[in-house]
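Note sheet for the following structure.
The values are calculated or read from the model by the stated rules, or taken from the named source; none is laboratory data. Keep in mind that this is a model prediction, so the values were computed, not measured. With ideal geometry, Cβ positions are generated from the backbone for all residues, glycine too; neighbour counts draw on all protein chains shown. Surface areas here come from the heavy atoms of the whole protein model, side chains and all, with no ligands, DNA or RNA. Shrake-Rupley method; radii C 1.70, N 1.55, O 1.52, S 1.80 Å.
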Amino acid sequence: MTDHVIVLVDGRCTLCKGWTRFLAERDAHDVLRFASQQSDVGRQLLREHERLDVVGESVVVVTSGVVYTGSRAAIMAVGMLPYPWRLVRACRVLTWFVRVWVYYFVARHRSAW
């Protein structure tokens, strides 16, 4: 088991690259590792977890052998940062519908932004 959390993002998405930079700059405990979903490492991880279906569609977080996608992955990644960012974990209590709607609204418009 590793102490690192792997964050896989769409390597062609400018918003995703900015989000990766945001996370990396605030990762004071050095727990996050990043890769593009389209990279050899990213594809291998997704293949190992039988999740090639999410390439380019969703943020993916892999930790302790568990794969998280979408809003759960985004909350998980930001929740690994130190205070005050760790408070984002509280968003898990939002109803699934609200979290998913917000996540996919951003995902749908990320290329235009």
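Taking only the alpha carbons of the stretch 1-59, what extent do you get along each of the three principal axes, in Å, biggest first?
The principal-axis extents, from largest down, are 31, 31, 16 Å.
What does the accessible area per residue of the chain come to in Å², with a 1.4 Å probe and no ligands, DNA or RNA counted?
62 Å²
If you filter the stretch 1-80 for trypsin sites (Lys or Arg not before Pro), then keep DSSP loop positions with at most 13 other Cβ within 10 Å, what is left?
Arg12
Over all alpha-carbon pairs of the chain, lay out the pair-distance distribution in 5 Å bins, whole %, shortest bin first.
2, 12, 23, 25, 22, 13, 3, 0
Using the crude model of +1 on Lys and Arg Cβ and -1 on Asp and Glu Cβ, and no other charge, please compute the dipole size for the chain relative to its Cα centre, in debye to 20.
It works out to roughly 380 debye.
What GluC sites (Glu not before Pro) in the stretch 1-55 are in a loop by DSSP, with at most 14 other Cβ atoms within 10 Å of the Cβ?
Glu50
Looking at the chain only, what percent of DSSP beta bridges run antiparallel? Nearest 5 please.
Just about 60 percent of them are antiparallel.
List the residues whose amide H sits under 5 Å from the amide H of Leu32, counting only those 5 or more places along or on another chain, with H placed 1.01 Å from N in the peptide plane.
Here Val5 satisfy the definition.
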